[in-house]
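Shown next, in structure tokens, is the structure this report addresses.
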Amino acid sequence: MREILDCLEENPIIAAIKNVKDVDFALEKDVTVVFLLCGSILNINAVVNKIKIKRKKVFAHIDLVEGLGKDEEAVRYLKLSGVDGIITTKPTLIKCAKNEGLIAIQRIFLLDSRSLETGIKNILEDRPSAVEIMPGLSYKVIKKINSYVKIPIIAGGLISDKNDIENALFNGAVGVSTSSKNLW
């Protein structure tokens with residue numbers, strides 16, 4: 001995890017790729033970390049290899065890779081494809097990824113105070129390597145969650161300009177994932 005944090009210190013912007021066609025564009029940018037929010041069992045190996053050749057860290061959102069089950073075998077498959085870690089909303093996959101030596105990023109959606117409480121509880125139980133808070137515009141709760149869990153927090157979702165990035169980082173996020181290519 002230290003290596004990823006070093007990458008985010010160098011450049012806290014994470015390219016969140018929603019379409020495989022955008023991989024080449026992301027590889028031309030200064031981002032050091034890539035979140036794959038797309039792909040399929042048929043192309044994931046080639047896509048990951050392409051990203052790794054450019055010496056970027058790559059995380060696959062296991063829930064969004066088509067054709068993969070949402071189980072331990074899927075985690076192993078992604079490990080064999082060369083990913084540095086996975087992103088998921090599923091606690092069981094967090095544990096599987098950690099058991100396989102992968103970085104496990106737990107994505108939580110903050111809709112109200114109840115989802116905040118549940119999110120903190122799940123983070124404390126599952127102990128992911130990092131947490132991605134959605135939407136990333138939830139600046140005020142980043143500090144609050146940080147005070148409870150002491151796990152690196154990534155802000156993601158609805159990030160549309162530099163001000164959003166600065167606010168998230170100022171409030172304690174270690175990185176910001178965005179699919180807005182103009183921010184990469």
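The values are calculated or read from the model by the stated rules, or taken from the named source; none is laboratory data. Just so it is clear, the model here is predicted, and its values are computed rather than measured. For neighbour counting, all protein chains shown are included, and Cβ atoms are generated from backbone atoms with ideal geometry for every residue, glycine included. With ligands, DNA and RNA removed, areas are computed over all heavy atoms of the protein, side chains included. Shrake-Rupley method; radii C 1.70, N 1.55, O 1.52, S 1.80 Å.
Around Leu78, what is the net charge, scoring Lys/Arg as +1 and Asp/Glu as -1 over all other residues with Cβ under 12 Å from its Cβ? For residues surrounding Leu78, the net value is -3. In the full protein context, the chain carries 48 Å² of accessible surface per residue, based on a 1.4 Å probe and ignoring ligands, DNA and RNA. Partners of Lys50 within straight-line reach, counting aspartates and glutamates whose Cα lies under 15 Å from its Cα and excluding those fewer than 8 residues away in the same chain: Asp22, Asp24, Glu28, Asp84.
Of the solvent-accessible surface of the chain, computed with a 1.4 Å probe over protein heavy atoms with every protein chain present, carbon and sulfur atoms account for 52 percent. Seen from Leu110, the other residues with C-beta closer than 12 Å to its C-beta sum to a net charge of +1, counting Lys and Arg as +1 and Asp and Glu as -1. Quick check: Cα centre of the range 1-75 to Cα centre of the range 147-184, how many Å? Answer, in whole Å: 17. Find out how many positive minus negative residues lie around Asn182, taking Lys and Arg as positive, Asp and Glu as negative, among other residues whose Cβ is under 15 Å from that of Asn182. With Lys, Arg at +1 and Asp, Glu at -1, the net is -1.
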